[in-house]
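The following block contains the structure, expressed as structure tokens.
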Protein chains: 2
Amino acid sequence: MFTTYNSQLLDNAVSELSKLPGIGEKTALRLALHLLRKDVSVSDALGNAIIEMRHNINYCPECHNICDDGRCSICSDPRRDRSTVCVVENVKDVITIEATHEHHGTYHVLGGLVSPLDGISPNDIEIASLVDRVKSQGVSEVILALSPTMEGDTTNFYIYRKLADLPVRITMLARGLSIGNELEYTDELTLGRSIQNRMLFSDTFHNDQ
Amino acid sequence: MFTTYNSQLLDNAVSELSKLPGIGEKTALRLALHLLRKDVSVSDALGNAIIEMRHNINYCPECHNICDDGRCSICSDPRRDRSTVCVVENVKDVITIEATHEHHGTYHVLGGLVSPLDGISPNDIEIASLVDRVKSQGVSEVILALSPTMEGDTTNFYIYRKLADLPVRITMLARGLSIGNELEYTDELTLGRSIQNRMLFSDTFHNDQ
């Protein structure tokens, strides 16, 4: 049988590794040869971790974040403010926002953005369950934390319309200059928006307490 | 239990993935979340390919290249010239040299280079089996194709001493200018060596037939 790397087993591992995003065939070969040099326990641990994660992972029935079982660690944490819900596109965004330590409420993971071009309608993502949460759980603020893209804005607007008649404050992440970036390298659209949305200088005194 | 990413299963997969060379924690998280989005068959195939490769891979008893069973596909190919043996450091170098289509003999994979600093002695790599092959199998030429480094040169010299009394021609890969590189960007050591080892211009006529 013809093989690229003299071994069907190695060919197979390289082929599967190179299906991962950002991993080309050369990198896949380097990773496979690395695993061949290491103890059998290393590749067993890696292989089993991948298989078990995908088989046994659960999603929080409340916020749709990943978790091992029951409600996720954020929803079940009594210190989190359950009346403030931050709406994010995916699981990774929860991790990104948690890293800022600025959000003390809970999350709602949509699992995607409305995108007519990609055939993703509002019914394909967790918008109905967000509306249910707002209606039934005394949510007082929904923070829209989606990417500032066409899809993010479309989804923001759709959610806004669905929640507009409910007694809930709807906010979104501020858009403006990136902190630490030079003014002259800021794109015109962002700069223009940050003039339109200019903020009271005195309001900034509270932010870094 | 405290978890970084809200799931012990995800934490575990990220931790195992980030043990791979060149894969940091951010990349590992991206790969793990990618696998979570894909069908379960994708992660099963990847995990099992890794586990099975490491458990079942074999090494050719003759040249120590990887293979699935018996002799490797190169050693068992009747079209290969068994009297010319190319000595390489590792399995990857076999693949690299095969890609040039310029070597029509067989290989001998040392499995490392002599490196006193790293505690690798000539007995730790496949030198004795190379000497046996040369003695018993009518090898007429040994091509030393090790990296032009301190360890490669040390190993070359050790092998040369072991084979010097045997009726075998010992050659090594040419060292000189990289084809396509500008003269002014060639390092001085390489340039100096390529003056010392200058070749007859007329000899180059044969190379590209």
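Given B:Thr3, B:Val85, B:Cys67, which one lies farthest toward the positive end of the charge dipole of segment B:1-109, if we put +1 on the Cβ of every Lys and Arg and -1 on the Cβ of every Asp and Glu?
B:Thr3
May I ask you to give the solvent-accessible area per residue for chain B, in square angstrom, as obtained with a 1.4 angstrom probe? Walk me through the numbers before you get to the answer.
On the way: 12300 Å² over 209 residues.
So chain B comes to 59 Å² accessible per residue, rounded to a whole number.
Right, here's the next one. Rounded to whole angstrom, how close does the nearest chain A beta-carbon get to the axis mapping A onto B, and which residue is it?
Output: A:Gly47, 2.
Here's another thing I want to ask about it. Determine, from the Cβ-Cβ distance of A:Ser15 and A:Thr186 and an R0 of 56 Å, the FRET efficiency 1/(1 + (r/R0)^6), rounded to the nearest 0.05.
Working: r = 44 Å, r/R0 = 0.78.
Step by step, r from the Cβ atoms, then E = 0.80.
Here is a further query. Along Cα→Cβ, 7 Å out, is where each label goes; now give me the distance between the ones at B:Thr149 and B:Gln137 in nm to one decimal.
2.6 nm
Could you look at the protein assembly as shown and say what percent of its accessible area is carbon and sulfur, using a 1.4 Å probe and all protein chains? Mind showing how you got there, number by number?
On the way: 12850 of 24610 Å².
Reported share for carbon and sulfur atoms: 52 percent.
Given the options A:Val40, A:Val142, A:Val87, which has the most mean-square fluctuation in a GNM of chain A, springs set between C-alpha atoms less than 10 angstrom apart?
Among A:Val40, A:Val142, A:Val87, the largest mean-square fluctuation in the Gaussian network model of chain A belongs to A:Val40.
Scan chain B and hand back the longest stretch that contains none of the trypsin sites (Lys or Arg not before Pro) lying in DSSP loops with at most 11 other Cβ atoms within 10 Å. Can you show the working numbers first?
Numbers: sites that count: B:Arg79, B:Arg198.
By the stated rule (loop sites, at most 11 other Cβ atoms within 10 Å), B:80-197.
Here's something else I'd like to know. Please identify, among B:Ile125, B:Ile195, B:Ile97, the residue showing maximal mean-square fluctuation in a Gaussian network model of chain B using a 10 angstrom Cα cutoff.
Largest GNM mean-square fluctuation: B:Ile195.
State, to one decimal in nm, how far the label point of B:Thr96 lies from the label point of B:Ser202, with both points 7 Å from Cα in the Cβ direction.
Modelled inter-label distance: 3.5 nm.
Between B:Asp124 and A:Asp165, how high is the FRET efficiency from 1/(1 + (r/R0)^6) when r is the Cβ-Cβ distance and R₀ = 60 Å? Nearest 0.05.
Values: r = 76 Å, r/R0 = 1.26.
So the FRET efficiency works out to roughly 0.20.
Past 25 Å, Cα to Cα: identify those pairs from A:Lys19/B:Lys92; A:Lys26/B:Lys26; A:Lys26/B:Lys135; A:Lys26/B:Lys162, in the order given. If you can, show how the numbers build up before the last one.
Values: A:Lys19/B:Lys92 20 Å; A:Lys26/B:Lys26 20 Å; A:Lys26/B:Lys135 36 Å; A:Lys26/B:Lys162 35 Å.
Over 25 Å apart, Cα to Cα: A:Lys26/B:Lys135; A:Lys26/B:Lys162.
Next question, about the same structure. Considering only DSSP beta bridges with both partners in the protein assembly as shown, what is the antiparallel share in %, to the nearest 5? Could the numbers behind the result be given before it?
Working: 6 of 32 bridges.
Of those bridges, close to 20 percent are antiparallel.
B:Asp44 label points, 7 Å along Cα→Cβ, one per copy: pairwise distances from this copy to the rest in nm, shortest first?
So the label point of B:Asp44 gives 2.2 nm to the other copies.
If I ignore ligands, DNA and RNA and count only protein heavy atoms, how much of B:Ser147 is accessible to a 1.4 Å probe, in Å² to the nearest 10?
50 Å²
Oh, and also: From the phi of every residue in segment A:7-18, what ³J(HN,Hα) in whole Hz does the Karplus formula 6.51 cos²θ - 1.76 cosθ + 1.60 yield, where θ is phi - 60° and glycine or proline is x?
Karplus-based 3J(HN,Hα) across segment A:7-18 equals 8, 4, 5, 5, 3, 5, 5, 5, 5, 5, 4, 7 Hz.
Treating the point 7 Å from Cα along Cα-beta-carbon as the label, what are the nm separations from A:Asp153 to the other copies, to one decimal?
6.3
Let me ask something else about it. Can you compute the modelled spin-label distance between B:Ser194 and A:His104, with each label point 7 Å from Cα toward Cβ, in nm?
6.7 nm
Compute the signed sum of charges (Lys and Arg +1, Asp and Glu -1) over the other residues within less than 11 Å, Cβ to Cβ, of A:Asn12. List each step's numbers first, then the result.
Values: positive: none; negative: A:Asp11, A:Glu16, B:Glu52, B:Asp68.
So the environment of A:Asn12 carries a net charge of -4.
Can you give the charge dipole size of chain A about its Cα centre, rounded to the nearest 20 debye, using +1 on the beta carbon of Lys and Arg and -1 on the beta carbon of Asp and Glu?
On the way: 19 positive and 29 negative charges, 38 e Å.
Value, rounded to 20: 180 debye.
Quick one: work out the % antiparallel among DSSP beta bridges in chain B, nearest 5. All intermediate terms of the calculation are to be shown ahead of the outcome.
Values: 3 of 16 bridges.
Approximately 20 percent, going by the DSSP bridge assignments.
Suppose we flag GluC sites (Glu not before Pro) only when DSSP calls them loop and at most 15 other Cβ atoms lie within 10 Å. Which is the longest uninterrupted stretch of chain A?
On the way: sites that count: A:Glu102, A:Glu182.
Longest run free of exposed loop sites: A:1-101.
While we're here: If I build a Gaussian network model for chain B, linking alpha-carbon pairs within less than 10 angstrom, which residue out of B:His55, B:His104, B:His34 has the largest mean-square fluctuation?
Maximum fluctuation in the GNM of chain B, among the listed residues, is at B:His34.
If I fit a long axis through the Cα atoms of helix B:150-163 and take the longest principal axis of the Cα atoms of chain B, what angle between them do I get, 0 to 90°, rounded to 10?
50 degrees
If you average the sequence gap of Cα pairs under 8 Å that are 6 or more apart and divide by the length of segment A:1-140, what percent do you get for the contact order?
Working: 142 pairs, mean separation 19.9, N = 140.
Normalised by residue count, the contact order of segment A:1-140 is 14 percent.
Let me ask something else. Distances from A:Gly192 to the same position in the other copies: list them in nm, one decimal, shortest first, using label points 7 Å from Cα along Cα→Cβ.
For A:Gly192, the other copies' label points sit at 6.1 nm, shortest first.
The values are calculated or read from the model by the stated rules, or taken from the named source; none is laboratory data. Fair warning: this is a prediction, and the values are worked out from it, not measured in the lab. Ideal geometry is used to build each Cβ from the backbone, glycine not excepted, and the neighbour counts take in all protein chains shown. Heavy atoms of the whole protein, side chains included, go into the accessibility calculation; ligands, DNA and RNA do not. Shrake-Rupley method; radii C 1.70, N 1.55, O 1.52, S 1.80 Å.
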